[in-house]
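**Student:** Following this message is one structure expressed as C-alpha cells.
The values are calculated or read from the model by the stated rules, or taken from the named source; none is laboratory data. From a predicted model like this one, the values you see are computed outputs, not experimental measurements. All Cβ positions, glycine included, derive from the backbone under ideal geometry; neighbour counts span all protein chains shown. The accessibility values were calculated without ligands, DNA or RNA, using every heavy atom of the protein model including side chains. Shrake-Rupley method; radii C 1.70, N 1.55, O 1.52, S 1.80 Å.
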Amino acid sequence: MKTKHIMYETCGTCSKMIDVTADENNVIQQVFFLGGCNGNLQGISQLVCGQRIEDVIPRLNGIRCGTKGTSCPDQLCRALEKLREAPVAEP
C-alpha cells in the first residue's frame, strides 16, 4: 500500500505536533499527537482512523478549546489539509 505522511507542528494548542499517515486514497491510517490531553487525543485518533480525510475535515474544522481560537481537532484539520496535498510515497 502506498502512503503519505506529515508531521505537523501545531499552533495555539497544548499539543505540539501531530503525526498523520494516510493511504493513497486519503484514508487515514494513523494519528499520533505529541502533548495535549492524552486520553481525549487517543480517542480522536482512534475515531478518525479508517475515515477519509474529506469526511473528517468538515466534522472537526473550527472546533475551539475554551477561549482559544483553535483546538487539537481543529489543528488536526490543518494537518489533514496539508496531508491531502502531499505526494504519495512508494512502499
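**Student:** Solvent-accessible area of MET1, probe 1.4 Å, all protein chains present, reported in Å² to the nearest ten, please.
**Tutor:** Rounded to the nearest 10, the figure is 130 Å².
**Student:** In the chain, what is the volume of the convex hull around the alpha carbon atoms, normalised per residue and reported in Å³? Can you show the working numbers first?
**Tutor:** Values: hull volume 7.5 nm³, N = 91.
Cα convex hull per residue, to the nearest whole number: 82 Å³.
**Student:** A further question on this structure: Could you work out how far apart the two model spin labels at ARG84 and CYS49 are, taking each label as a point 7 Å from the Cα in the direction of the beta carbon, and quote it in nm?
**Tutor:** Once both label points are built, they end up 2.3 nm from each other.
**Student:** Follow-up. Run the helix sum for the chain: -39,500 (n - 2.57) per DSSP H stretch of 4+ residues, divided by residue count, reported at 222 nm to the nearest 500 deg cm²/dmol. Show your work: numbers first, answer last.
**Tutor:** Details: 3 runs with 33 residues, N = 91.
Dividing the helical sum by the residues of the chain leaves -11000 deg cm²/dmol.
**Student:** Also, quick follow-up: Taking all protein chains together and a probe of 1.4 Å, list LYS4, LYS82, LYS68 from the most accessible to the least accessible. Intermediate results must be reported in sequence, preceding the final value.
**Tutor:** Details: LYS4 10, LYS82 115, LYS68 70 Å².
Ranked list, largest accessible area first: LYS82, LYS68, LYS4.
**Student:** Okay, next question. Excluding residues fewer than 8 places away in the same chain, name every one of the lysines whose C-alpha is closer than 28 Å to that of LYS68.
**Tutor:** Qualifying lysines at Cα under 28 Å: LYS16, LYS82.
**Student:** Let me ask you something else. Largest first, what is the accessible-area ranking of ASP19, ASP55 with a 1.4 Å probe? Intermediate values should be presented prior to the final figure.
**Tutor:** Working: ASP19 40, ASP55 70 Å².
My answer, sorted largest first, is ASP55, ASP19.
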